[in-house]
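Chemist: Handing you a structure now.
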Amino acid sequence: MDVVMEETFGPVAPIMKVSGDEEAVQLMNDSKYGLTASVWTKDQEAFEALVDKIDAGTVFQNRCDYLDPGLAWTGVKHSGRGVSLSKYGFDQVTRAKSVHIKIVA
């Protein structure tokens, strides 16, 4: 299904029935893109066990529509290497500069 293989931008949220967590992770990771993933569960421990297995820069639990300015918005694979939002996003678009001054009397 193209909608789950491509980097589709909303308002689209493809839903697939799976036999379990293993199949869900396999399907999520079977794409050349990896901007976001969304897991819908009431089981917080189950969600946390899946996060590191999911090859996406941003993983949502029970939502797929919210950007928190305090959290990095990032992708993996063909979804890019940059970061926006958060301190990390700010660091991507700024450069530190040191200025040293010796006062001569």
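Chemist: As an exercise: evaluate residue 71 against (1) part of a loop (DSSP other than H, G, I, E, B); (2) touching a Ser or Thr at 6+ places or on another chain (Cβ under 6 Å); (3) open to solvent by less than 50 Å² (accessible area, probe 1.4 Å) and give the number of the one condition it does not meet.
Modeler: If we test residue 71 against (1) part of a loop (DSSP other than H, G, I, E, B); (2) touching a Ser or Thr at 6+ places or on another chain (Cβ under 6 Å); (3) open to solvent by less than 50 Å² (accessible area, probe 1.4 Å), just (3) comes out false.
Chemist: If residue 42 meets every condition in (1) surrounded by fewer than 12 Cβ atoms within 10 Å (Cβ to Cβ); (2) at pLDDT below 85; (3) over 15 Å from the mean Cα position of the chain (by Cα) apart from one, which number is that one?
Modeler: With (1) surrounded by fewer than 12 Cβ atoms within 10 Å (Cβ to Cβ); (2) at pLDDT below 85; (3) over 15 Å from the mean Cα position of the chain (by Cα) applied to residue 42, the lone miss is (2).
Chemist: Going through segment 74-105 one residue at a time, which ones are among the hydroxyl-bearing types (Ser, Thr, Tyr), part of a helix (DSSP H, G or I) and surrounded by 15 or more Cβ atoms within 10 Å (Cβ to Cβ)?
Modeler: 86
Chemist: Looking for whichever is small (Gly, Ala, Ser) and either at pLDDT 95 or above or under 23 Å from residue 82 (Cα atoms) (or both) here; the options are 49, 24. Which one fits?
Modeler: Sole residue among the options that is small (Gly, Ala, Ser) and either at pLDDT 95 or above or under 23 Å from residue 82 (Cα atoms) (or both): 49.
Chemist: Out of the residues in segment 7-22 that are small (Gly, Ala, Ser) and touching a residue at least 12 places away in the same chain (Cβ under 8 Å), which is surrounded by the fewest Cβ atoms within 10 Å (Cβ to Cβ)?
Modeler: 10
Chemist: Given the conditions (1) surrounded by 12 or more Cβ atoms within 10 Å (Cβ to Cβ); (2) assigned to a loop (DSSP other than H, G, I, E, B), and given that residue 25 satisfies all but one, which numbered condition is not satisfied?
Modeler: In the conditions (1) surrounded by 12 or more Cβ atoms within 10 Å (Cβ to Cβ); (2) assigned to a loop (DSSP other than H, G, I, E, B), residue 25 misses (2) alone.
The values are calculated or read from the model by the stated rules, or taken from the named source; none is laboratory data. Because the structure is predicted, anything quoted here is derived from the model rather than measured. Positions of Cβ are generated from backbone atoms using ideal geometry, with glycine treated the same way; all protein chains shown enter the neighbour counts. These accessible areas exclude ligands, DNA and RNA; they are computed on the full protein's heavy atoms, side chains included. Shrake-Rupley method; radii C 1.70, N 1.55, O 1.52, S 1.80 Å.
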